[in-house]
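Read-outs throughout are calculated quantities, based only on the coordinates presented, and are distinct from any laboratory measurement. This is a predicted model, so every value here is computed, not measured. Cβ coordinates were reconstructed from backbone atoms using ideal geometry, including for glycine residues, and neighbour counts include every protein chain displayed.
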Amino acid sequence: MFCALLLALGAMGSAGALAQTANEPALEAAQVKRASAIAAGHGAVVLSIRSEIYLEEPLDVYFLREGGDVTNAADVISFRRKQSFFAFGNSTVEYQVRAYQLRAGTYRLIAHGIDCPKIPAEDERCLVDRRGLTGTVEVSRPSRGYGGGAPTFEVREGVLTNAGEFALTARNTIEWSAIPPKEFGKVSQRFRGLKSGPDPVIPDGFKLKYGLFPRSFEDDRGRRY
């Protein structure tokens with residue numbers, strides 16, 4: 001019975017991945033495991049997503065490729081973090097450093113969202129309808145759009161870029177910090193033959209102000225995000 005449940009969950013996950021491009025406003029970044037697997041015209045970027053807010057639904061952090069159009073899903077990349085299925089609490093404060101393959105170009109942070117049907121505009125929150133005991137209620141989800149002064153990182157063909165970590169805080173902000181050397185080394189050792197790309201450009205207002213601590217998830221009836 002347990003094996004059947006795992007198989008069913010796996011099938012659901014595969015179907016969701018296949019539907020990503022057609023039904024969602026961005027392409028989910030594709031992971032890459034070794035330097036030899038990087039396609040022509042692409043580079044590798046090491047990036048981490050964490051959240052101190054408990055994720056009832058996956059967190060998407062969106063980046064727009066320079067020269068692209070936010071309304072074109074092919075120009076917007078989503079880095080996704082999910083709550084562990086087997087965790088008994090908030091597992092998303094733990095490091096999850098991964099390498100991704102992206103087309104060469106400069107990418108700018110434009111938004112984050114949880115359970116949002118669209119990419120939030122600058123300073124916009126995502127509002128969704130939920131059924132309650134008294135009928136349908138409108139609640140907010142942790143989400144926000146960012147303007148032109150947001151962090152950027154550059155991907156170069158055949159080069160490894162360390163983009164750092166982007167964390168969702170209880171202040172409903174995405175804030176950046178460097179990936180600890182030990183965590184970065186676990187991933188970057190598979191790309192030793194590649195040159196290092198430029199450092200990300202991070203304005204002071206986006207740098208992580210405090211450490212991350214596990215928090216619960218609340219909507220407008222508790223804490224406003």
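Before moving on, here are some points about what is shown:
- Pairwise FRET efficiency - GLN189 versus ALA30, Cβ, R0 = 22 Å, nearest 0.05: 0.65
- Backbone amide hydrogens, once placed in the peptide plane, bring SER51 within less than 5 Å of VAL93, LEU168, excluding anything fewer than 5 places away on its chain.
- Computed from point charges on the beta carbon alone (+1 for Lys and Arg, -1 for Asp and Glu), the dipole magnitude for the stretch 27-219 about its Cα centre is near 840 Debye.
- 3J(HN,Hα) along the stretch 150-161: 7, x, 9, 9, 10, 10, 10, 4, x, 10, 9, 9 Hz, from the Karplus curve 6.51 cos²θ - 1.76 cosθ + 1.60 with θ = phi - 60°, whole Hz, x for Gly and Pro.
- Relative to the current alpha-carbon distance between LEU127 and SER216, full extension at 0.36 nm per residue lengthens the span by 30.2 nm.
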